Amino acid sequence: MSLLTRACFAPTSIVVFAAITALTAAAADQPRAWPPNQFAPVTPERIAALPADEQPAWRAYWDTSQTLARLAPAPAVPDFSPLQPIAGPPKGGRHTEGLRLEAPPAWYAGDEARTIADRVVAWQTPAGAWTKGIDYTRPRTAAAGENDLWSRGTFDNDATIFELCFLARVTAAATDAVRSAAWRGAYLRGLHYVFTAQYPNGGFPQVYPLAGGYHDAITFNDDAMTHALELLRDVAAGNAGYAFVPADLREEAGRRLARGIDCVLAAQIRTADGRRTVWCQQHDALTRQPCAARNFEPIAAVSKESASLVGFLMSLPQPSPDVVAAVDGAMAWFHHTALHDLAWGRNAAHEEQLTAAPGASPLWARLYELETDKPVFGDRDRTIHYAVEEISPERRNGYGWYGDWPAGALQDYQAWRAKTRAVERVPASEKPAGRR
């Protein structure tokens, strides 16, 4: 008998009984394999199938990507994100170390910050980006790092965007014009990289120059595209710390931001009757339709990254009616999919499990089946499960299957919506031009 089944017979409230019974019923659904063709890379053949008026921009994008790819170092290690099902041990995730983005302003003018900024410059790729997993607390040596697929440049695991945010802070605090020239130059090259990596339809891939496979998809996963849009928003607005960015680049950032917002709105998943819901972790680069990602990430509506996207949309100073409708739809979905009287955490054996917790704050599964809104869970062999206890211990304990990610957005929503309603009541002739 499963842990959830046993919990149904514990002396808990009727509400808790109903909640866990519903999840147990979902667990009765049999695991299944991925359907075929769950993601597709960008290729010249697919570009040729686009409407004629869209093809020139995509061909130019493809050609630029191919040119930059030839400048990238040849991979010295295999791709650890295989495009075929695997069941073997994974390579651990890599996250950057040493970039402080929440330090006091004075810290960025100090020796430690300036030393790290020099190392950030040294690690910049020929395309103007950075790879993931760099340790900036140590100097770069000839043997440092391994050339892999992400060495081309990536937005994965906060890479590139966080380097740019750090360089901006150090550059803004600089008093040494000679030394800061390298930081400013690296920042502007990185900003150009962001512009160049953006798809003609406004999306961002995980890896650029393009690397194929799911890496080409528009990547909301781990907030990759959200962070890119936040950067464009701040540069376009001329926020504190970005005064050194030339005016023409700030204007270009504004255009790129608008294009990115349009992509977010177009990619939002809708129900059969047209209601807006949320987003998938990745969407096809050309069609913007939901697609799969890593072997344990099937096509599914995602609560975590969708909460970040909604937070970004609510940060826009003049949201358009389409933005307001997108936020409204996502909030309704968050309310609909919330799980109550449950907790997710480690037991005495240090294993993650779902347990009854009367009165607990709402919880969300990370992934939900598109057609049914049932929580789903993936394993490294590309199987889809309806009960987290069915997947391998490595995946069950090594991924955030449940969390409270939408809670903050829901908390901010009422005040934000009151402001948008106030704007909606203002006569059109009195509203500022260019509202987005």
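The values are calculated or read from the model by the stated rules, or taken from the named source; none is laboratory data. Everything numeric in this text was worked out from a predicted model, so none of it was measured. Reconstructed Cβ throughout: ideal geometry from the backbone, glycine too, with neighbour counts over all protein chains shown. Side chains are part of the model used for accessible areas, which takes the heavy atoms of the whole protein and leaves out ligands, DNA and RNA. Shrake-Rupley method; radii C 1.70, N 1.55, O 1.52, S 1.80 Å.
Note that segment 338-348 has calculated 3J(HN,Hα) couplings of 4, 10, 10, 6, 9, 9, 10, x, 8, 8, 4 Hz, one per residue in order, obtained from phi through the Karplus relation 6.51 cos²θ - 1.76 cosθ + 1.60 (θ = phi - 60°); glycine and proline are x. The distance linking segment 167-230 with segment 251-315 is 19 Å (Cα centroid to Cα centroid, whole angstrom). Packing order of peptides 94-100, 210-216, highest average first: 210-216, 94-100 (average count of other Cβ atoms within 10 Å over each peptide's residues).
Amide H contacts of residue 405 (H built 1.01 Å from N, in plane; Pro and chain starts excluded): 364 sit under 5 Å, all sequence-distant by 5 or more or on other chains. Expressed per residue, the C-alpha convex hull volume of segment 156-206 stands at 65 Å³. Straight-distance candidates among the aspartates and glutamates for linking to residue 419, with alpha-carbon spacing under 19 Å and chain neighbours fewer than 8 residues away dropped: 322, 328, 430. For the chain, the Kirkwood estimate of hydrodynamic radius, built from reciprocal distances between every pair of different alpha carbons, is 23.3 Å.
Take the Cα radius of gyration of segment 255-332 and divide it by 2.2 N^0.38 Å, N being the number of residues; the result is 1.08.
Rounded to the nearest 20, the Cβ-based charge dipole of the chain about its Cα centre (Lys and Arg +1, Asp and Glu -1) stands at 600 debye.
Using the heavy atoms of the protein chains alone and a 1.4 angstrom probe, what is the accessible area of the chain per residue in square angstrom? Don't skip to the end; give the middle numbers.
Details: 19410 Å² over 436 residues.
Per residue, the chain has 45 Å² of solvent-accessible surface.
Surface composition of the chain: carbon and sulfur make up 55 percent of the accessible area, probe 1.4 Å. Summary of packing: across the peptides 102-114, 160-172, the per-residue average of other C-beta atoms within 10 Å ranks them, highest first, as 160-172, 102-114. Based on the Kirkwood radius over alpha-carbon pairs, what is the Stokes-Einstein translational diffusion coefficient of segment 213-350 at 37 °C with 0.692 mPa s viscosity, in µm²/s? Calculated translational D: 200 µm²/s. Summarising the label geometry, the points placed 7 Å from Cα in the beta-carbon direction at residue 392 and residue 360 lie 2.6 nm from one another.
Here is the size of segment 104-238 from its Cα atoms: Rg then Dmax, 14.7, 45 Å. Between helix 224-237 and the chain there is an angle of about 50 degrees, using the helix long axis and the longest principal axis of the Cα atoms.
A Gaussian network model of the chain, with springs between Cα atoms under 10 Å, assigns the largest mean-square fluctuation among 128, 260, 400 to 400. Relative to the dominant Cα principal axis of the chain, helix 161-173 is inclined by about 50°.
Taking label points 7 Å from Cα along the Cα-to-Cβ direction, residue 71 and residue 336 give a separation of 4.6 nm.
Put one equal scatterer on each alpha carbon of segment 363-428, apply the Debye formula with no solvent term, and list log10 I(q)/I(0) at q = 0.13 1/Å to two decimals. Cα-only, vacuum Debye calculation for segment 363-428: -0.54.
If you run the Gaussian network model on the chain, springs between alpha carbon atoms under 10 Å, then out of 298, 78, 126 the most flexible one is 78.
Across segment 33-46, rounded Karplus estimates of 3J(HN,Hα) from the backbone phi angles (6.51 cos²θ - 1.76 cosθ + 1.60, θ = phi - 60°) give 8, 4, x, x, 6, 7, 8, 9, x, 6, 9, x, 5, 5 Hz, Gly and Pro being marked x. Rounded to the nearest 10 degrees, the angle from helix 55-71 to the longest Cα principal axis of the chain is 70 degrees.
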